[in-house]
1. Name the residues in region A:133-150 that are open to solvent by 20 Å² or more (accessible area, probe 1.4 Å), within 11 Å of another protein chain (Cβ to nearest Cβ) and touching a residue at least 40 places away in the same chain (Cβ under 8 Å), would you?
2. Can you tell which of B:N120, B:N146 is open to solvent by less than 80 Å² (accessible area, probe 1.4 Å), on the phi > 0 side of the Ramachandran plot and among the polar types (S, T, N, Q)?
3. What number of residues in region A:161-178 are open to solvent by less than 40 Å² (accessible area, probe 1.4 Å), in a helix (DSSP H, G or I) and more than 9 Å from chain B (Cβ to nearest Cβ)?
4. Does B:E113 satisfy the condition of being more than 14 Å from chain A (Cβ to nearest Cβ) and either exposed (fewer than 12 other Cβ atoms within 10 Å of the Cβ) or modelled with pLDDT of 85 or more (or both)?
5. Condition check: over 27 Å from A:L137 (Cα atoms), open to solvent by 90 Å² or more (accessible area, probe 1.4 Å), among the charged types (D, E, K, R) and within 8 Å of chain A (Cβ to nearest Cβ). Does B:R71 satisfy that?
6. Find the residue count for region A:151-160, including only residues that are aliphatic (A, V, I, L, M) and more than 10 Å from chain B (Cβ to nearest Cβ).
7. If I filter region B:10-28 down to residues being within 12 Å of chain A (Cβ to nearest Cβ) and surrounded by fewer than 17 Cβ atoms within 10 Å (Cβ to Cβ), which single residue comes out as farthest from A:E152 (Cα to Cα)?
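The values are calculated or read from the model by the stated rules, or taken from the named source; none is laboratory data. The structure presented is a predicted model; accordingly, all values stated were derived computationally and were not measured. Note that we place each Cβ from the backbone using ideal geometry, even for glycine, and neighbour counts take in every protein chain shown. Heavy atoms of the whole protein, side chains included, go into the accessibility calculation; ligands, DNA and RNA do not. Shrake-Rupley method; radii C 1.70, N 1.55, O 1.52, S 1.80 Å.
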Amino acid sequence: MEALVKKRIKQVLKGDQSAFAELVELYKDKVFQICYRMLGNRHEAEDIAQEAFIRAYVNIETFNQKRKFSTWLFRIATNLCIDRIRKKKPDYYLDAEVAGTEGLTMYSQVAADVQMPEDEVENMELQETIQKEISKLPEKYRSVIVLKYIEELPLQEISEILDMPLGTVKTRVHRGREALRKQLKSL
Amino acid sequence: MKTCPEEMIDYMHDYLDGDITSEHEQKLKNHLQQCEDCQHHFHELKKAIAFVQSTSHISAPDDFTNSVMDRLPKEKKKVGVERWLRHHPMLTAAALFLFFMTGSVFASWNDNEDFSFTKNDALVVQDHTVVVPEGEVVNGDLTVRNGDVKIEGKVTGDVTVINGKQYLASAGTVTGDIKEIDAAFEWLWYQIKSGAKDLVEWGNSQLDEK
């Protein structure tokens, strides 16, 4: 996998765009997932995820090939998400509502496509609630929680992605967990 | 509750991160057995994590890759050509073959721009015209390149004129065929035919030897 990624990156560096399409295929779900969990909104997530890939393509020369491509790519994506969250902070609560509605339409779409048993629908509602609670986390806790528990990345990699010391990542994971504990204990 | 050592919460988190020391882990376990509040706290933490982890993995929209590719700055033409060549090796090989084939055929065509003809003592040359004089007999085939041929005598084989004309006088006789070749295409055809003919003759001679 890593060898294939390295090969594709070399092709992209030579100017081959179709090699980049393969990289997008490989990582689109993970990048989209990070963005969706960070932003809690499908449209915004798609927009930011696309932007992340475009930035990666444009700045591919700055990528250090000795390192992991996914770390670099996720870093671009999380930075874009954090920027977006900071920009919309003043009307945060309004947006949270919108985010919830977005999630609803998304899940009802899925439910329409694939026939869901009753308990699945219930599960969808629960998922929506969880996403809402994740969206309520302050952005500095949200990013570490998403990377740790949704992308299931090791703390060391999270520290590289977010460009902060391991100790800081740990502290944020701890605080994020405590915040989630308080928010989700009634469930 | 008030008696709980403060570091217990930290130990819980270290435990959840998977980097707790065995000494701390022992302390935490001992404490949890005695303290219901901490047990509850620990349980809630694990429940919160389980909830977050239970969120199903969502996929990017179907047209995601295309949308990204559409938004990328345009690539250089050269790369597109190179990639096309890489993806169509058979066509590339065929194109290369054709290129070299036509090259070599035209090279042999151009090599023969000089006036030349089959050597025979009976022949007389007048201004790029090969003349078979009256009364003379040329035994075998006669080929003239880039010149005309005038036959007043006799040729006991084929007469081939490449890039030229042949005049057969009323008294002249040719026992074989008379051919005029002008265009490059005909020249190519002639090359192929004579090649095939040579091959057949060679094959026949091989058979004869047996």
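1. Scanning region A:133-150 gives a single hit, A:E133.
2. On the way: B:N120 fails: on the phi > 0 side of the Ramachandran plot.
Testing whether each residue is open to solvent by less than 80 Å² (accessible area, probe 1.4 Å), on the phi > 0 side of the Ramachandran plot and among the polar types (S, T, N, Q) leaves just B:N146.
3. In the first step, residues of region A:161-178 are kept if they are open to solvent by less than 40 Å² (accessible area, probe 1.4 Å); the result is A:161-162, A:164, A:169, A:173-174, A:176-178.
Imposing the further condition that a residue be in a helix (DSSP H, G or I) reduces the set to A:161, A:169, A:173-174, A:176-178.
Applying the additional criterion that residues be more than 9 Å from chain B (Cβ to nearest Cβ) yields A:161, A:169, A:176.
Within region A:161-178, residues that are open to solvent by less than 40 Å² (accessible area, probe 1.4 Å), in a helix (DSSP H, G or I) and more than 9 Å from chain B (Cβ to nearest Cβ) number 3.
4. yes
5. The answer is yes for B:R71.
6. 2
7. Here the residue is B:D10.
Conditions tested, residue by residue: (1) within 16 Å of B:G147 (Cβ to Cβ); (2) small (G, A, S); (3) modelled with pLDDT of 80 or more.
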| position | (1), (2), (3) |
| --- | --- |
| B:G157 | no, yes, yes |
| B:V161 | yes, no, yes |
| B:L168 | yes, no, yes |
| B:E180 | yes, no, no |
| B:W187 | yes, no, no |
| B:G203 | no, yes, no |
| B:D208 | no, no, no |
